[in-house]
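Student: Shown below is the structure under consideration.
The values are calculated or read from the model by the stated rules, or taken from the named source; none is laboratory data. Predicted model, so just to flag it, every value in this text is computed and none were measured. In this analysis, Cβ positions are derived from the backbone assuming ideal geometry, glycine residues included, and neighbour counts consider all displayed protein chains. Areas reflect the complete protein model, heavy atoms only, side chains present, ligands, DNA and RNA absent. Shrake-Rupley method; radii C 1.70, N 1.55, O 1.52, S 1.80 Å.
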Amino acid sequence: MNSPRLSSIPHKSRYILHIDGDAFFASVEQAKNHKLKGKPVITGLERGIAAAFSYEAKAKGVTRGMRIGEIKKVCPEAILLDSDYEMYCIFARRMYNIVRRYTPHVEEYSIDECFADITDVTLPHGMTHAEYAFNIKKDLEMKLGITFGVGLAPNKVLAKVASKHKKPAGFTVIKKEDIVSFIKQLPIHKVWGIGGAMSMYLRQRGIETAYDFAIKDDAWMRVNQIAKPYKEIWLEFQGYFVKELSTAASPASDIGSIMKSRTFTPATSDRQFIFSQLSKNIEMACEKARFHGVSSRAITFYLKTSEFRYRSVEINLPLATSSPNELLKVVRQYFDQVYNARTLYRTSGITLRSLIEEEAVTRDLFGQSEIAESSDKVFSVVDDLNKTFGSHTVFLGSSMSALQKSDYESKHVGFRERRINIPFVGIALCM
């Protein structure tokens, strides 16, 4: 029995979204640092190649895998950055969580994209599914500071086609009656789920476009031994909903932690200096947590000796926080469990674990949460100052020794020290 043609599909309409971050890794870097907006940003410096890049870099001729030397030739103004996969994963997790506020049916497809089923959501009065989907797109872009290509269609394959239709920042709806116009010009090798070998196999049989494939009948599929995954794509191009969403949260995408470490040379046993290095790591980790709107419910800090041996302590926190001041109070209590005055150390590190979004932080009954919240607000102001006047313009006094021997030797020659009357904060450096 032949399948119905595209013009006669008797089935319940479904509303499937595909949400795809535009130039995701580079866009995250631009969201983190507004000074990078509109500039050719390229990640992958640690590998010596272009791992990902912004649309501005693409317009200059940068391609994936291009080596640093070649990048500088085609785009001398390129801004080359190390990849920060930890941060990209945090953005991905926030993306999934935002979409789940609109529907529980979310598939975490990859670090920069997801599917969502909004078929059965209760729509606000007078709102269409397309308007509801567009609200999700606006919310994502407002909260994350990056743009998304969003497609709405009767199934996953067509939603993927729709999200790619207008890049960047596109929003496309494919209705049943629009399917043919969208797939007629879509080359078969660009279809999601059809790899190079299969596209070659189909092209040898006269299939050049997705439409050519969609209009084949059951008999052709059997004669040409089309396997089940490709038959599902064939059916979805006809408008059927076949490929179910896998809505279980992906453990791989939810890292649940932020880590900062720093190696210093020469190795030292100077307690004040080592603690200062750890303090700096804590400040940087907390700054990243605040940027992403998350707080930590547990931490692990460690010291590594000159013989590459580790000593660490894991601590569950009484209250979730992103305040370095609060974390340093705890770390001071346990520091001597990892430090030995007769040992040379070369690295310190901190991991913020069990991250939760700030609005999910539970408040206590004894006022400690209010104190921690006040500290968090102070450091939000510190973040704004450092964004405006440069990294580490304002920092904790406990980080002073680490900064004297690193950033400020090379970046702020001739700085002067001035104590300022801000609670929780020790020293500001002024030029």
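Student: In nm, give the distance between the simple-model label positions of S110 and E208, each being 7 Å from the Cα along the Cα-to-Cβ direction.
Tutor: 2.8
Student: A further question follows. Semi-axes of the equivalent ellipsoid for segment 3-123, please: Cα gyration tensor eigenvalues, times 5, square-rooted, ordered largest first, whole Å.
Tutor: Details: eigenvalues 262, 66, 26 Å².
Listed largest to smallest, the semi-axes of segment 3-123 are 36, 18, 11 Å.
Student: Please sort by residue number the trypsin sites (Lys or Arg not before Pro) in segment 8-48 whose DSSP state is loop and whose Cβ has at most 16 other Cβ atoms within 10 Å. Could the numbers behind the result be given before it?
Tutor: Details: sites: K12, R14, K32, K35, K37, R47; in loops: K12, R14, K37.
Listed in order of number, the matching sites are K12, K37.
Student: Mind giving me the FRET efficiency for Q225 and T119? R0 is 30 Å, r the Cβ-Cβ distance, nearest 0.05 is fine.
Tutor: Details: r = 33 Å, r/R0 = 1.11.
E(calc), rounded to 0.05, equals 0.35.
Student: Averaging over all projection directions, find the projected area of the Cα convex hull of segment 304-351 and quote it in nm² with one decimal place. If you can, show how the numbers build up before the last one.
Tutor: Numbers: hull surface 14.8 nm².
The number I arrive at for segment 304-351 is 3.7 nm².
Student: Before I look further, what does segment 1-149 give for accessible area per residue, probe 1.4 Å, in whole square angstrom?
Tutor: Values: 7000 Å² over 149 residues.
Ligands and nucleic acids excluded, the figure is 47 Å² per residue.
Student: Label R100 and Q337 with points 7 Å out from Cα along Cα→Cβ: what is the distance between them in nm?
Tutor: That separation, rounded to one decimal, is 3.0 nm.
Student: Ranked from highest to lowest mean number of other Cβ atoms within 10 Å per residue, what is the order of the peptides 52-59, 315-322, 77-84?
Tutor: Numbers: 52-59: 21.2, 315-322: 18.9, 77-84: 17.2.
Order by mean packing, descending: 52-59, 315-322, 77-84.
Student: OK, next. What share of Cα pairs, in percent, lie more than 14 angstrom apart in segment 161-216?
Tutor: Considering segment 161-216, 56 percent of its Cα-Cα pairs are separated by more than 14 Å.
Student: Could you give the size of the charge dipole of segment 45-139 about its Cα centre, using +1 on the Cβ of each K and R and -1 on the Cβ of each D and E, expressed in debye and rounded to the nearest 20? Write out the running numbers ahead of the final one.
Tutor: On the way: 13 positive and 15 negative charges, 76 e Å.
Charge dipole, segment 45-139, about its Cα centre: 360 debye, nearest 20.
Student: Taking R0 as 41 Å, what FRET efficiency do you get between A298 and E141 from their Cβ-Cβ distance, rounded to the nearest 0.05? Display every interim value, and only then the final one.
Tutor: On the way: r = 32 Å, r/R0 = 0.77.
For R0 = 41 Å, the calculated efficiency reads 0.80.
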